[in-house]
Amino acid sequence: MRLASLLLSTVAAAALALPGLAGAAPVKIGFINTITGAEAPIGETMTNGLELALEDLKKQGVDVKVIRQDDTGKPDKAISAIEQLATGDEVTAIVGPYTSACANAVAKQAEQYGVPQVIPAASKEEITRQGYKWVFRVNAPANVYAKALIDAALAFGKPKSVAFIYESTDFGSSLSKVGKEYAVAKGLTVVADEAYQKGSPDYRSTLSKVKGQNPDLVFMVSYVADAILLMRQSRELGLKPQAFLGGGAGFDTAQFEGEKDISTNVFSVTQWTPDSSKASMEFAARYQAKFGKRPTYHAACTYTSMMVVGAAVKKGGADRAKVREALATDTWQTIMGEVKFEAYDGYNNQNHNAMPVIQYQAGKSVTVFPAKVATAKAVYPFPGWK
Amino acid sequence: MAIFLQSLLSGILVGGVYALIGIGLTIIFGVMRVINFAHGDLLMLGMYVTWGLFALFNIDPYLSLLITAPVLFLWGVLLQKVFINRVLNALPQNQILLTIGMGLVMSNAIMLAFTSDYRILTTSYTSSAFQVFGLSVSQPLLYSFLITVAITGALFWFLQNTDTGQAIRATAQDRDAAQLMGINVKRMSVLAFGLGTAMAGIAGALLAPTYYIFPQVGGPFTLKAFVVVVLGGMGSIVGATLGGILIGVTESLSAVYVASGLKELVVYVLFLLILLFRPAGLLGKSRT
Amino acid sequence: MSSLLRSLRTPRGFSAPAFLAYLAVIGLVALVPQFSRKPLILHMWIMVFLAIAQGSAWNIVGGYAGQYSVGHAAYFGIGAYTTMLLLELHQIAPWYGIGLSMLNAVLLSVVIGSITFRLRGPYFVLASISMAEIIRLAALHFKDLTRGAEGILLNGIPPLETPWFTVKFLGKVPFFYTSLGLAVIVISVTWFVQHSKLGYTFQAIREDQDAAHSLGINPTLHKNLALMLSAAFTAAAGSLFALYVRFIDPNIAFGIDVSVQMVLICIIGGIGTILGPVVGSVVLVLLSESLRNPKWLVQAGLLADSSPTVAFIEARLSNAHVLFYGVLVVVVVLFAPEGFLGLLRTAVARVKKRLAAKPTPPSQPAAAA
C-alpha cells in the first residue's frame, strides 16, 4: 500500500516534470499597456485582444509567457516598465505600449537594448520615422485616417467645404492637421477649425457655430465617448451636412454603433473591420462570446501584433536578433490582411495598413470604401435626421 | 444672432447643472471650511448609481433621483463621520490631501468593480429637442434645469425656514459662536457633508442621460465646482446658482466668439479676475 | 547618527557632524552606479532624485513660507518646455537651456505671485490651480509656439564637451549624476533657507502673516522671493525630466497631477523640514513602483524571484496600485499628519524617554555607536 502510493506519487511527479524536460522554457514576451488611468478603457480592449492571441498561439504550439506591465499612460512609468522587461525579465520581444507618448519613450529604450518592439495602435507618425531598427508598428499612423476619409467623401459626391471639430489631444490635432492640409490640396475650403477639450458636457455652441458656416462635410475627431455627445448634440441642433466624417477611435466603438439614432449614416475610418474576412468574423464572434462586446480595432491590432510576435518567436526562439530578423523580413496573413513591415515615405518597419472607410447603416457598420473591399453601397449625401 | 441666442440658451441650461455641483461644494465649504477635492468623484458615484438603476431595473434617470439622492446622502454622512471629522481642525493642506486621497480611492475602487469601460445611458429623449422660435431646446437639458431649479428652491427654503436649516447657516457663519449658542456643530457638519454629497450625486444623475460615465469622470467637474463656488461666494447658495449659470454662459459664448479650445481658459481668467477684484465672490459677504 | 537626528529636530545652525554625515551620504549614493548598472535600479534612483528636487523646491514656498500652491506644474512645465523648445528649435544645448528655463520660471513666478499672493488660504490654493490650468490650456491652444497636444519629441542631446572630459547623454549614468546633483543643490538651498534670516522671515509669515507684517517684514515681497526660489528649482527639475523622458506634451508637463505630486511628497515625508521631501520621495517612488512592478525588488536583490510577496502583489494588487496610493494618502493624513519624519521623531523621542527612565541603561554603548 505504502509502496503503491509512493510509486504513484513518483509517477505523478515525473509527469509534472515531463513538459519541462521535453521543451525549453517558454519564451518571455513583455506586454506594456495602460491598465489604470484615463486611457484604461482602451487598454482593456487591448488586453482582451492579447488574451485571444495567447489562446491561438497555445493551439499552434507556440510556448510564450507574457509578462505584463502597466504604464498608467505616463511615459516615465513606461520607461520603468521597459527597463524591467528588457533587463530584469529579459524578455525576447515587447508588444505595446498603447499611447503614442509611451510607445515613443519605450521605442527609444527598445532600440538601445536591442529588444524587438511591436506597437499595436499608437498613431503618432514620428515613432517609426526615427530610423529605429528594432521598432515595428502594425497600425497605420495618423495621416492615413484623414486621407482615407476625405478620399471617400470625394469619391461619393462633390463636397466644396469642410469643417473640422477635434479634441485637443495628440491624436485629434495631428489627425486634423493632416486632414486640413489634404483637404486644401484637394480643393476643399476649410470653413471651421475648432479644437475642443475632451470631456466637456456641452459642445452645442461649437456645433451651432459650425452649423452657421453650412459646411458640406463635418470632420470630427474624438478618441472616446465624446463622439456620442457630439452626434447627439448635432442631432438636437439639426446640423445637416452632406456627410459626417468620424476620424476613427470614438466613432468606431460598439457603443457608437449601438446608438442607432445618432450613428446611422455616419462615416468612420478604422484600422480593421469585423467583416473584412472570414478570420475577422471568427475573431469578432469569439471576442463577443468571451467578453460580451464587439471588438474595437485596438483589440484586433493587439491580437495581430501578438500573433506576429508569436510567429517570429516560433521561427527565432528566444533569440532577440533572430526574432527581429523574422519580423523585418517575413510576411503574415492575419485578420488585418497581409502584414509586412516595410520602409517607405520616411517610415521604417511600418506595416502598410490600408484603412477602410465604414458607414453605419441600420445599426451595423459596413465597409463602403475603397471600392475593392466595399461590402455595401454608401448612403450619400446624408438624408437627414429621423 | 441665432447662433448667439442658441449658445446663450445652451449655456444657461448647462449652467444649471454646474450650479448644482457648486451648491454641494459650497455647503460643505461653508459649514466646514474644507475644500473637497473629492467632489467630482462623489458626482461620479451618483452617475454610477443612476446607471446601475437604469441598467438593472430600467429606472428612468430622473426618477432614480429619489434613490440616488438618499444613497449619496448616507454615503456623505459616513465619509464625514469616519474621515473628514478627524481633520476639521487640521492644517488646510492636510484636509486637501485627505480629500484627494479619498477621491483616488473612490474612483479606483469603482474601476476595479466595474472596469474602466465607458457607460452610456440612452433614453427616448436623450438627443431630442423642442423647437422654439427657431432655437433648439435640448429636452434632457431642459428637464435637468427644471429639476435643478426645484431642488435649489427646496434647499433654499429648508435653510431659511427650518430650525435645522438655520442651525446649518449659523454654523457656516461662525462655528464658535454657533457652538456657544448651543448648536450641535458636529451634527451640522455631518448634515452638511451629507447634503453636499447628495447634491453632487443629484448632479451626477442629471448629467447621466446626456453624458458618459467612467471612473475618472470626476476630475474636471471638481475644478469647475471650485470656480462656480468662488465666483458665487463661498458658502452662498444663491451665489453658486448664479455662478454656475454664469460659467455655463461664459463657456458657451467663448466657444463661439473666442475659440472652442479656449473656453475653459476664459472661465479661469474670469475666475481670477473675480478673485482679485471681488474676493468674496459675487454674492458672498466679506470674510476678511 | 543621534547628532544628525538632533540637527533635523532643532536646527539652529551649522553642525559639523551633521554636515559630514550629509557629505558621506551623498558620497555613498554617488558610488551607486559603480556597483549596480541595472537600468531599472538607476531609473528609480533618477525618479527619486527628481522627486526630491521637486518636493524640496515646493517645500521652500509651501513648507517654509506656508503658501500651499497646488499649481507648481506651471513652473515644472515652463522649465520642461523652455529647455525642449530651445533644444529642438534653436539647437541650444540643454545646460544653457536649463539656466534659461530657470530664469523663465522666475519671471513667470513674479507674474503668478503678483496675482495669487493677494489671496490667502483656500482662495490662494484655488488661484494657484487655475493659473497652472490657464497655462496648460494655452499650451494646448497656441500650437505655433508649443506644438500643442502633439507635444515635443526630443531627437537627441548633444554631448557636453569640456576641456577635461566629454559627457554623452546616452543611458542612465549621466542622468543619474545630473539629477543627483540637482537634488543635492536643492536640499542645500533648503538648508540655507531654514538657517538664514531670509528663511526665518518665511517661517514668520507661515506662522502669522499679520504679526510678521507688524514686525516690519514685507509679506508680499518675501512670499514672492520664496516663490521665485521655488519656481527656479522646480523648472530645473522639469527640464531634466523632459530631457530624460524625451517627450513632453501639455498634460505631462502642466497637468494637475504634477502639482499634486509635489504637495504629496512633502506631506508624506514631513512638511517644512529639510529631510521631509527626501523621505517623502523615497517612500512615494518606491511604494508606487513596488505596487506597480513588484519585480524591481528582485532586481534590487531584496526579494527572491520566487518570493510569494511578488506573486501576491502581481496577482492581487497590480490593477489596484493607484487605489493603494490613495489609501496611503488617507492613512498618512489621518494617522501621521506630520509625515513619516514626524513618526520617526515621535519614535525617537519615545525611545529616549524610555532610556532616560532607566538610570543605568545597558544599551548605552550601542546607542552611542
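The values are calculated or read from the model by the stated rules, or taken from the named source; none is laboratory data. For clarity, every value in this text was computed on a predicted model and none was experimentally measured. Don't worry about glycine lacking a Cβ; one is built from the backbone with ideal geometry, like all the others, and counts go over all protein chains shown.
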Taking the condition buried (at least 24 other Cβ atoms within 10 Å of the Cβ) and within 12 Å of chain A (Cβ to nearest Cβ), does B:Val230 pass? no
Give the residue that is modelled with the highest pLDDT, with candidates limited to residues of segment B:190-241 that are closer than 23 Å to B:Leu283 by Cα and in a loop (DSSP other than H, G, I, E, B). B:Ser236
Options C:Ala242, C:Ala253; residue that is within 20 Å of C:Thr82 (Cα to Cα), assigned to a helix (DSSP H, G or I) and touching a Ser or Thr at 6+ places or on another chain (Cβ under 9 Å): C:Ala242
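Could you pull out the residue among C:Leu42, C:Leu137, C:Leu126 that is over 23 Å from the mean Cα position of the chain (by Cα), within 11 Å of another protein chain (Cβ to nearest Cβ) and either on the phi > 0 side of the Ramachandran plot or not charged (D, E, K, R) (or both)?
Values: C:Leu42 fails: over 23 Å from the mean Cα position of the chain (by Cα); C:Leu126 fails: over 23 Å from the mean Cα position of the chain (by Cα).
Exactly one of C:Leu42, C:Leu137, C:Leu126 is over 23 Å from the mean Cα position of the chain (by Cα), within 11 Å of another protein chain (Cβ to nearest Cβ) and either on the phi > 0 side of the Ramachandran plot or not charged (D, E, K, R) (or both), namely C:Leu137.
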Could you check how many residues of segment C:332-343 are in contact with a helix residue (DSSP H, G or I) (Cβ under 8 Å, 6 or more places away or on another chain) and free of Cβ contacts under 8 Å to residues at least 24 places away in the same chain? 3
Restricting to segment B:249-280, count the residues that are part of a helix (DSSP H, G or I), closer than 23 Å to B:Ile3 by Cβ and facing another protein chain (nearest Cβ under 8 Å). 12
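Output the residues belonging to segment B:50-70 that are among the hydrophobic types (A, V, I, L, M, F, W, C) and more than 16 Å from the chain's Cα centre (by Cα). Working first, answer last.
Taking segment B:50-70 as the starting set, the residues that turn out to be among the hydrophobic types (A, V, I, L, M, F, W, C) are B:51, B:53-57, B:59, B:63, B:65-67, B:69.
Scanning segment B:50-70 gives B:Trp51, B:Leu53, B:Phe54, B:Ala55, B:Leu56, B:Phe57, B:Ile59, B:Leu63, B:Leu66, B:Ile67.
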Would you confirm whether or not segment B:105-119 contains a residue that is among the small types (Gly, Ala, Ser), at pLDDT below 90 and within 21 Å of A:Leu207 (Cβ to Cβ)? no
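Please determine, by comparing only the residues of segment A:87-103 that are in contact with a Phe, Trp or Tyr (Cβ under 8 Å, 6 or more places away or on another chain) and either modelled with pLDDT of 90 or more or outside any helix (DSSP H, G or I) (or both), which one is farthest from the other protein chains (Cβ to nearest Cβ).
Initially, segment A:87-103 is screened for residues in contact with a Phe, Trp or Tyr (Cβ under 8 Å, 6 or more places away or on another chain), giving A:87-88, A:94-96, A:100-101.
Imposing the further condition that a residue be either modelled with pLDDT of 90 or more or outside any helix (DSSP H, G or I) (or both) reduces the set to A:94-96.
Numbers: A:Ile94: 14, A:Val95: 17, A:Gly96: 14 Å.
It comes out as A:Val95.
Suppose we filter A:Gly37, A:Gly49 for residues that are touching a Ser or Thr at 6+ places or on another chain (Cβ under 8 Å), of a type in the set (Gly, Ala, Ser), within 12 Å of another protein chain (Cβ to nearest Cβ) and in contact (Cβ under 8 Å) with a residue 24 or more places away in the chain; which single one remains? Don't jump to the end; show me each part of the working.
Working: A:Gly49 fails: within 12 Å of another protein chain (Cβ to nearest Cβ).
Unique residue meeting the criteria: A:Gly37.
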Quick one: A:Val366 ticks every box in (1) aliphatic (A, V, I, L, M); (2) closer than 29 Å to B:Thr126 by Cβ; (3) at pLDDT 95 or above bar one, so which box is it? (3)
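Consider A:Glu194 carefully, then state whether it is closer than 19 Å to A:Ile150 by Cα, surrounded by fewer than 24 Cβ atoms within 10 Å (Cβ to Cβ) and of a type in the set (D, E, K, R).
Judged against the criteria, A:Glu194 is a match.
Looking at segment A:343-386, which of its residues are of a type outside the set (Val, Ile, Thr) and either surrounded by fewer than 13 Cβ atoms within 10 Å (Cβ to Cβ) or in a helix (DSSP H, G or I) (or both)?
Taking segment A:343-386 as the starting set, the residues that turn out to be of a type outside the set (Val, Ile, Thr) are A:343-356, A:359-365, A:369-372, A:374, A:376-378, A:380-386.
Answer for segment A:343-386, where residues must be of a type outside the set (Val, Ile, Thr) and either surrounded by fewer than 13 Cβ atoms within 10 Å (Cβ to Cβ) or in a helix (DSSP H, G or I) (or both): A:Ala343, A:Tyr344, A:Asp345, A:Gly346, A:Ala362, A:Gly363, A:Ala371, A:Lys372, A:Lys377, A:Pro383, A:Gly384, A:Lys386.
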Index of the failed condition, B:Thr164 passing every other in (1) exposed (fewer than 15 other Cβ atoms within 10 Å of the Cβ); (2) at pLDDT below 90; (3) of a type outside the set (A, V, I, L, M, F, W, C): (2)
Which helices (runs of 4 or more DSSP H) sit wholly inside segment A:220-325 and have at least 3 residues that are within 14 Å of chain B (Cβ to nearest Cβ)? A:226-237, A:254-258, A:260-263
